[in-house]
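Before any comments, here is the structure.
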2 protein chains.
Amino acid sequence: MASNAIVGQSGGPTAAINATLAGVFTGAKKAGIDTVFGTVNGIEGILKNTIVKLDEILTSNDQIEILKTTPASFLGSCRYKLPKDFSDPTVFEQIFSFFRSRDIRYFFYIGGNDSMDTVAKLSEYAKQIDYDIQIIGVPKTIDNDLAVTDHTPGFGSAAKYIAASVKEVARDSDVYDLKSVTIIEIMGRHAGWLTAASALSRCENSVAPHLIYLPEVPFSYEKFTEDVKHVQENYSNVIVCVSEGIKTKEGSFVCESASSGLTDVFGHKCLSGTAKVLENYVRDTLGCKARGIELNVLQRAAGHLLSRTDIEESFSFGQEAVLAAMRGETGKMIIGTRSDSESYQLQFSSTDIKNAANAEKTVPLDYISDGKNDVTEEFIKYASPLIQGEIYPQYQNGLPVHLVLK
Amino acid sequence: MASNAIVGQSGGPTAAINATLAGVFTGAKKAGIDTVFGTVNGIEGILKNTIVKLDEILTSNDQIEILKTTPASFLGSCRYKLPKDFSDPTVFEQIFSFFRSRDIRYFFYIGGNDSMDTVAKLSEYAKQIDYDIQIIGVPKTIDNDLAVTDHTPGFGSAAKYIAASVKEVARDSDVYDLKSVTIIEIMGRHAGWLTAASALSRCENSVAPHLIYLPEVPFSYEKFTEDVKHVQENYSNVIVCVSEGIKTKEGSFVCESASSGLTDVFGHKCLSGTAKVLENYVRDTLGCKARGIELNVLQRAAGHLLSRTDIEESFSFGQEAVLAAMRGETGKMIIGTRSDSESYQLQFSSTDIKNAANAEKTVPLDYISDGKNDVTEEFIKYASPLIQGEIYPQYQNGLPVHLVLK
């Protein structure tokens with residue numbers, strides 16, 4: 001009997017999730033798994049029968065190398081959530097009937113919180129019906145908000161892109177001899193890891209960002225104004241990094257303050273981002289030049305600016321998932337633990353999926369400065385190793401080459 | 001008597017303008033010029049006496065290499081305009097008194113339209129007072145809107161960043177199995193060169209952007225809606241690239257339509273970008289997921305993603321300025337002319353500054369498709385050579401190294 005595997009990607013795309021896919025595929029072939037299927041658009045692909053054979057797609061080392069630096073989810077993604085329990089087992093039966101039909105004995109699911117919930121439910125259902133399959137979750141999210149693991153694959157590359165972009169924006173804002181405030185909006189609804197990473201931008205000749213506001217701390221417009229004024233005593237061009245998800249102590253998102261009932265000339269609701277709201281606020285309150293910059297999806301899709309550490313680890317996470325499955329583990333998620341050694345080293349292991357599913361890790365208080373407008377040296381020590389090293393995509397005709405599923 | 005030079009940078013920063021500065025400095029030292037001064041914040045530096053000695057700053061080849069890939073203006077910039085004529089010569093006298101005091105015989109000014117106006121006026125004034133100086137302008141602008149020259153230094157790197165970013169956004173938007181429209185806003189108030197460059201993103205497995213709107217063509221919301229619907233017949237995820245400066249045939253900017261008299265909850269004027277306006281418009285009109293992305297200053301400051309062709313040419317532009325000065329030319333701007341050869345080659349020469357100053361070059365009609373929502377193959381042939389080749393900055397601690405004036 002053949003022993004086959006299937007792999008899927010789920011949740012928001014990242015610049016490193018395909019490196020994990022490459023790791024799963026490479027690991028599976030090394031382990032002697034016969035056919036490696038891919039499910040298109042995550043678990044939905046199994047339900048809609050959009051399945052590909054990765055063996056027929058990834059036919060050369062060169063393609064695997066290109067896959068590693070291709071951003072977003074090669075196999076597509078979904079936000080699908082499995083039913084809460086097995087009271088109506090239709091969906092579960094459909095999935096396992098597919099597994100049976102293709103002799104699938106290994107299922108690898110690369111994703112965030114919701115995806116780990118899928119892993120938990122499917123491995124539980126397999127146990128119930130006594131179907132022999134190893135189901136392993138592999139974490140990914142630029143948000144770095146998964147519990148248990150030291151950090152998540154994808155965070156390092158996004159952090160590197162953010163820190164590099166902040167550094168470049170700082171150069172740009174410094175060219176004129178006038179006062180300016182630049183507000184850079186960074187992803188993170190509940191967890192401020194990525195915004196905190198903007199601090200990595202600093203070096204001996206570049207002090208930006210001058211202020212950092214995370215969603216872990218209630219945002220006060222008055223405190224913000226005072227902070228900016230204070231920085232302006234020493235610097236003409238102030239760079240402020242904010243999480244998209246900052247909110248006031250009353251609990252309302254800053255980005256909502258401009259969109260409450262406003263409509264434009266067409267009658268369309270006027271939606272605005274956090275940076276834009278603060279840009280308008282600064283211009284009107286402090287009377288100086290202000291600019292809001294939203295890094296938007298570029299921060300999770302920048303395959304042209306990757307952390308070598310992140311890409312190599314992401315690949316290893318995928319390989320480790322296969323090794324765990326081969327050891328007979330199921331219902332587990334692969335995690336990384338930092339070793340105590342002087343230099344940075346990551347050790348891989350697995351944890352029960354229930355430790356990871358539906359838990360959210362925010363930035364701890366000892367990573368946030370006393371003034372609540374910056375990060376601490378402890379955070380820098382934690383995050384700095386994750387952006388080290390470069391890996392460049394192949395270029396053709398002046399642009400990065402991507403592997404795309406036809 | 002010593003024979004010294006001074007160099008300044010002016011106008012909006014780019015990712016290549018420092019490569020031109022490196023070219024001027026290197027060329028000047030090769031030509032035997034004694035001291036190379038730099039004026040901080042363009043011509044204002046001479047008036048405010050903020051002058052540096054580049055010989056004391058650029059002391060190694062390594063520093064010159066770092067300067068080449070440092071974005072924005074190393075010497076700072078200004079938007080200062082010299083008086084219209086010489087009826088009140090105070091400012092001109094001040095500048096030439098400085099030239100005399102330091103034995104300045106060469107002035108190189110790297111900038112856009114306004115900067116060429118400065119070159120024109122100063123060289124004319126020098127003639128009037130019979131002061132022996134060679135004044136040469138070196139073009140730079142990501143906008144590519146300077147007349148006479150085939151293209152401007154800085155355009156190629158911005159174009160490469162834009163095309164690469166559009167390609168990455170296309171990967172990102174493709175991951176979900178749902179309908180979406182992504183609107184990417186690109187710099188260009190009057191000239192659509194950079195937005196047109198988004199078309200370079202296309203390759204055999206990536207068709208985005210599906211629609212391109214330039215400021216050279218009046219924008220119609222109805223036509224736009226029809227265009228998007230048409231693309232949606234074949235593609236779920238539509239990528240639209242628009243210039244920030246698109247306006248309706250009545251002459252009002254699209255970005256103004258959302259900001260007419262609106263205020264947020266604080267009473268601040270609600271300013272919005274073109275992409276955001278169209279995002280709201282699409283969401284309300286077509287009822288699908290919509291996202292606006294503004295590439296913002298990142299497109300002119302991305303020193304981490306440079307066109308080797310652009311950086312090498314920008315450096316050469318600087319060197320050529322020195323050579324022209326050494327030939328006794330003054331009141332000239334360096335230009336590049338494309339040779340007729342099969343493969344791309346740029347030849348350098350100079351033109352009378354009056355041909356370049358205050359003239360604006362927009363995208364010609366034969367570069368715009370008949371449907372007015374795309375560019376032609378002729379444009380691709382023109383622009384493609386300019387983004388070829390990669391040059392990577394030095395990295396330290398995971399981030400690009402910048403040279404910064406203390």
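The values are calculated or read from the model by the stated rules, or taken from the named source; none is laboratory data. Every value quoted in this text rests on a predicted model; they were computed, and no experiment measured them. Quick reminder, even Gly has a Cβ in these numbers, built from the backbone with ideal geometry, and neighbours come from all protein chains shown. Heads up: the accessible areas ignore ligands, DNA and RNA and are worked out on the full protein's heavy atoms, side chains in. Shrake-Rupley method; radii C 1.70, N 1.55, O 1.52, S 1.80 Å.
Spacing of the modelled spin labels on residue B:103 and residue A:63, each 7 Å from Cα toward Cβ, amounts to 6.8 nm. Of all aspartates and glutamates in the structure, the ones whose alpha carbon falls short of 13 Å from that of residue A:30, not counting any fewer than 8 places away in one chain, are A:55, A:320. Using a 7 Å projection from Cα along Cα-to-Cβ, the label point at residue A:189 is separated from the same position in the remaining copies by 3.8 nm, smallest value first. For residue B:326 and residue A:351, a Förster radius of 56 Å and the Cβ-Cβ distance give a FRET efficiency of 0.20, rounded to the nearest 0.05. Remark: relative contact order (region A:4-111) = 45 percent; criterion is Cα-Cα distance under 8 angstrom and separation of 6 or more residues. Each residue, residue B:94 and residue B:128, gets one label point 7 Å from its Cα in the Cβ direction; the gap between the two is 1.7 nm.
Centre-to-centre, using Cα atoms only, region B:144-173 and region A:290-340 are separated by 30 Å. Counting, for every residue in B:279-285, the Cβ atoms of other protein chains within 10 Å of its Cβ and taking the mean gives 4. The modelled label-to-label distance for the pair residue B:207/residue A:53, using points 7 Å beyond Cα in the direction of Cβ, is 2.7 nm. Dipole magnitude for chain B: computed about the Cα centre from +1 point charges on Lys and Arg Cβ and -1 point charges on Asp and Glu Cβ, it is near 800 debye. Per the accessible-area calculation with a 1.4 Å probe, the total area buried between chain A and chain B rounds to 6700 Å². Between residue A:338 and residue A:360, the C-beta separation translates, for a Förster distance of 25 Å, into a calculated FRET efficiency of about 0.80. Note on exposure: A:230, A:210 ranked by accessible area (1.4 Å probe, complete protein assembly) read A:230, A:210, with the most exposed listed first. Taking the protein heavy atoms of the protein assembly as shown in the context of the full set of protein chains, the accessible area attributed to carbon and sulfur is 47 percent at 1.4 Å. A Cβ-based charge dipole, computed about the Cα centre of region A:42-150 with Lys and Arg at +1 and Asp and Glu at -1, lands at about 200 debye.
Bridge orientation summary for the protein assembly as shown: considering DSSP beta bridges with both residues in this region, about 35 percent are antiparallel.
For a Förster distance of 41 Å, can you work out the FRET efficiency between the beta-carbons of residue A:30 and residue B:288, rounded to the nearest 0.05? Efficiency, rounded to the nearest 0.05: 0.45.
Computed 3J(HN,Hα) for region B:236-246, one whole-Hz value per residue from the Karplus formula 6.51 cos²θ - 1.76 cosθ + 1.60 where θ = phi - 60°, is 6, 10, 9, 10, 10, 10, 10, 6, 4, x, 5, glycine and proline marked x.
Across identical copies of the chain, residue B:3 has label-point separations of 8.1 nm, listed in ascending order, with the point defined 7 angstrom from Cα along Cα→Cβ. Candidate cross-link partners of residue B:29 among the lysines, defined by an alpha-carbon separation under 16 Å and a same-chain spacing of 8 or more, comprise B:53. Quick check on my link table: of A:289/A:381; B:160/B:381; B:167/B:276, which ones sit more than 24 Å apart, alpha carbon to alpha carbon? Distance filter (> 24 Å) returns A:289/A:381. Look at the alpha carbon pairs under 8 Å that are at least 6 residues apart: their mean separation over the length of chain A gives a relative contact order of 23 percent.
Across peptide B:297-304, the average count of Cβ atoms from other chains found within 10 Å of a residue's Cβ is 6. Among residues other than residue A:205 with Cβ under 12 Å from its Cβ, the summed charge is +2 (Lys and Arg +1, Asp and Glu -1). Inter-chain Cβ neighbour count for A:8-18, averaged per residue, equals 2 (cutoff 10 Å, partner chain atoms only). Amide H contacts of residue B:184 (H built 1.01 Å from N, in plane; Pro and chain starts excluded): B:240, B:241, B:242, B:293 sit under 5 Å, all sequence-distant by 5 or more or on other chains. Bridge orientation summary for chain B: considering DSSP beta bridges with both residues in this region, about 35 percent are antiparallel.
For chain B, what are the per-bin percents of Cα-Cα distances with bins 20 Å wide, up to the bin holding the maximum? Per 20 Å bin, starting at 0, the Cα pair percentages come out as 27, 51, 21, 1. Computed over protein heavy atoms with a 1.4 Å probe, the accessible surface of region B:105-163 works out to 21 Å² per residue.
Its DSSP H runs of at least 4 residues, each contributing -39,500 (n - 2.57), put the calculated 222 nm mean residue ellipticity of the protein assembly as shown at -10500 deg cm²/dmol, to the nearest 500.
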